[in-house]
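The values are calculated or read from the model by the stated rules, or taken from the named source; none is laboratory data. Quick caveat, the model's predicted, so the values are computed rather than measured. Neighbour counts run over all protein chains shown; Cβ positions are idealised from the backbone, glycine included. For the accessible areas, the whole protein counts, side chains as well, though only heavy atoms, and no ligand, DNA or RNA atoms are used. Shrake-Rupley method; radii C 1.70, N 1.55, O 1.52, S 1.80 Å.
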Amino acid sequence: PPGANMGQEIDVQATGRLSDEINLEAFVSGRVTDDEFIDREQRSLESLYLNLEQRDKVYGLNLGDFYIYFSDYSLSQSLKGLKGYYRVDNSYGDVSLYVFSGTNKHRWNDLWRELDNETYTRYISGARIEQEFKNKTLKLGLNFVDTHDQRGSTSTTGNPLRNEIISSDMNLKLLDRLFIRSEIATAFTDTNTSPNSSVKTKNDSAYKLNTD
């Protein structure tokens with residue numbers, strides 16, 4: 001009928017084995033619509049990821065959309081990019097290394113087109129090394145996260161930022177009843193990384209101790 005609008009969501013998911021050792025999961029979600037109240041783009045890519053994981057979870061790699069959490073003070077973020085992990089046994093338990101790099105853009109379409117109101121693109125990368133002891137009562141972590149802004153090619157306003165966070169955290173379980181969680185963090189922040197900026201890098205620290 002006249003004035004009618006069209007909209008359709010398309011989801012495709014696939015799981016399987018890339019080899020005897022590697023499990024695979026892939027997902028693509030898109031939208032097609034001519035209703036600007038639903039989406040300003042007629043065709044948009046909503047979600048996309050490819051996940052490869054060793055069957056015993058010794059290592060894994062994710063390309064596309066992902067959520068990553070290190071600790072309360074260092075990182076809790078949904079990103080588009082790449083993350084991976086590798087886990088090995090030692091005499092104390094398990095040691096895990098996590099690495100990632102990505103951008104916090106909300107939409108995939110925004111990666112390949114310029115936004116009129118965007119003053120910068122934010123990139124976030126980092127790593128975490130974690131030791132979990134054999135009795136599963138103690139876990140120690142060391143985190144590093146770097147956030148920096150790249151000015152948009154058409155922008156003339158806004159100050160690009162850079163922030164680096166280093167933190168260490170502990171999770172301890174005592175007598176199966178008492179849980180102790182602690183973290184200490186320090187951040188180095190430059191609120192204007194423009195070449196002609198006179199702003200100095202600021203240093204802040206924080207810590208917490210929780211029990212339940």
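With the cut-off at 31 Å, tell me which of the pairs 83/208; 136/208; 134/202 have Cα atoms farther apart than that. Write out the running numbers ahead of the final one.
Numbers: 83/208 27 Å; 136/208 22 Å; 134/202 39 Å.
Too far apart for the 31 Å limit: 134/202.
Using a Förster radius of 25 Å, what is the FRET efficiency between residue 97 and residue 176 based on their Cβ-Cβ separation? Nearest 0.05, please. Before the final figure, lay out the partial values.
Working: r = 29 Å, r/R0 = 1.15.
Between residue 97 and residue 176 the formula returns 0.30.
Could you tell me which of 101, 86, 26 has its Cα farthest along the dipole of the chain towards the positive end, charges placed at Cβ (Lys, Arg +1; Asp, Glu -1), taken about the Cα centre?
Checked the options; the winner is 86.
Name the residue, out of 178, 138, 111, whose mean-square fluctuation peaks in a Gaussian network model built on the chain with Cα pairs under 10 Å.
Sorting by GNM fluctuation, first place goes to 178.
What is the Å³ per residue value for the convex hull set by the Cα atoms of segment 72-145? Display every interim value, and only then the final one.
Details: hull volume 7.2 nm³, N = 74.
Taking only Cα atoms, segment 72-145 has a hull volume of 98 Å³ per residue.
Percent of accessible area on the chain owned by carbon and sulfur, 1.4 Å probe?
Values: 7330 of 13650 Å².
The nonpolar share, carbon plus sulfur, comes to 54 percent.
Nothing charged except the Cβ atoms of Lys and Arg (+1) and of Asp and Glu (-1): what's the magnitude of the dipole of the chain about its Cα centre? Round to the nearest 20 debye.
Working: 25 positive and 32 negative charges, 140 e Å.
Its charge dipole is roughly 680 debye.
From the square roots a ≥ b ≥ c of the eigenvalues of the alpha-carbon gyration tensor of segment 72-113, which class results: rounded (a/c under 1.5), prolate (a/b over b/c), or oblate? Mind dumping the intermediate values first?
Details: a/c = 5.98, a/b = 2.60, b/c = 2.30.
The shape class here is prolate.
Which value, in Å², gives the accessible area per residue of the chain when a 1.4 Å probe is used on the protein heavy atoms? Let's see the in-between values first.
Working: 13650 Å² over 212 residues.
Value returned for the chain: 64 Å² of accessible area per residue.
Pairwise over distinct Cα atoms, reciprocal of the mean inverse distance: report the Kirkwood radius of the chain in Å, one decimal place. Mind dumping the intermediate values first?
Details: mean 1/r = 0.0491 Å⁻¹.
After inverting the pairwise mean of 1/r, the radius is 20.4 Å.
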